[in-house]
Amino acid sequence: MIAVTLWGNSSAIIPPEGLVGADAKSARMVTTRALSQWANVDDGTLLRIFEVKLPDGRLERRAFIQTTDVPSSPDVYLGPLTHQLGDTPAQTILFEVGGSRFIFGCVDDTVRGTLAFFNAQRVEPNKAKWMRATKIGEIEEARCFIFPIFASEIKEWTAVSEVRITTRESLSTEAASLTLTGSQWEKTFDPPIDISSLFIHITLP
């Protein structure tokens with residue numbers, strides 16, 4: 001068992017399987033996100049993201065879910081973040097818990113500027129409904145973002161057709177132009193990227 005400091009004197013125990021194939025002493029916590037505002041889970045249900053060093057020297061971010069309100073509830077290791085959305089410069093992990101699905105990700109260092117938002121758009125035949133078909137995640141601590149797909153939306157969110165990553169600088173440039181989209185990086189995928197099989201299904205006690 002490896003305890004990794006979060007803040008102050010607080011710490012989290014990384015599940016043993018989360019350290020397989022990595023230098024356990026290199027583990028460090030990256031960020032934590034509460035899930036209860038979007039899913040039918042206890043208030044203390046948290047997504048923990050940590051980073052480890054691999055034998056070849058590369059750093060890898062991995063994820064697990066911890067239920068702090070239920071001490072007897074085992075932590076659930078999800079796995080590493082990987083590039084799942086084509087050549088999008090962001091590593092993600094997709095999971096389902098408490099009736100909602102989530103897309104969590106961290107933007108690669110290759111995207112320069114002050115990161116603002118990660119926008120993902122699903123397939124929507126009616127272009128006038130593009131806003132309804134778009135999920136927006138604010139890029140916060142450690143270049144990471146998260147957004148939920150609620151139970152009523154799951155049938156529609158089977159594929160991603162477009163991704164946009166914006167920065168404060170690109171949005172400022174857009175405001176001064178009639179032709180720019182405001183994105184630092186963007187791509188339309190044809191065919192769309194199927195995400196329906198990427199979600200890790202989690203059942204908590």
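Quick note: the coordinates plus some simple rules give every number you see, no bench work behind them. Note that this is a predicted model, so its numbers are computed, not measured. Methodologically, a virtual Cβ is constructed for each residue, glycine included, from the backbone with ideal geometry; neighbour enumeration extends over all protein chains shown.
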Report summary line: Rounded to the nearest 5, the percent of DSSP beta bridges in the stretch 2-201 running antiparallel is 95 percent
Query raised in the report: Around G98, which amide H atoms from residues at least 5 apart in sequence, or from another chain, sit under 5 Å from its own amide H, with H modelled in the peptide plane?
Result: L204
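Nearest 0.05, what FRET efficiency do E169 and V70 give at R0 = 45 Å with Cβ-Cβ as r? Working shown, then result.
Working: r = 44 Å, r/R0 = 0.97.
Once the sixth-power term is evaluated, E becomes 0.55.
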Query raised in the report: In the stretch 116-163, if every C-alpha pair distance is counted and binned at 5 Å from zero, what percent goes to each bin?
Result: 5, 21, 28, 24, 13, 7, 2, 0
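Within the stretch 2-201, how many lysine pairs that are 8 or more places apart, or on different chains, have C-alpha atoms less than 22 Å apart? Don't skip to the end; give the middle numbers.
Working: K25/K53; K127/K135; K127/K155; K127/K187; K129/K155; K129/K187; K135/K155; K135/K187.
Summing the qualifying lysine pairs gives 8.
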Report summary line: Averaged over all viewing directions, the convex hull of the alpha carbons in the stretch 102-205 casts a projected area in nm² of 8.2 nm²
Report summary line: Taking 0.36 nm per residue of separation between S152 and A24 and subtracting their Cα-Cα distance, the length gained on full extension comes to 42.1 nm
Query raised in the report: By how many nm would the segment from A34 to A142 lengthen if fully extended, with 0.36 nm per residue of separation less the alpha-carbon distance?
Result: 37.3 nm
Report summary line: Semi-axes of the chain from the Cα gyration tensor (sqrt of 5 times each eigenvalue, largest first, whole Å) come to 30, 21, 15
Report summary line: Under 5 Å from the placed amide H of E124, counting only residues 5+ away or on other chains, we find none
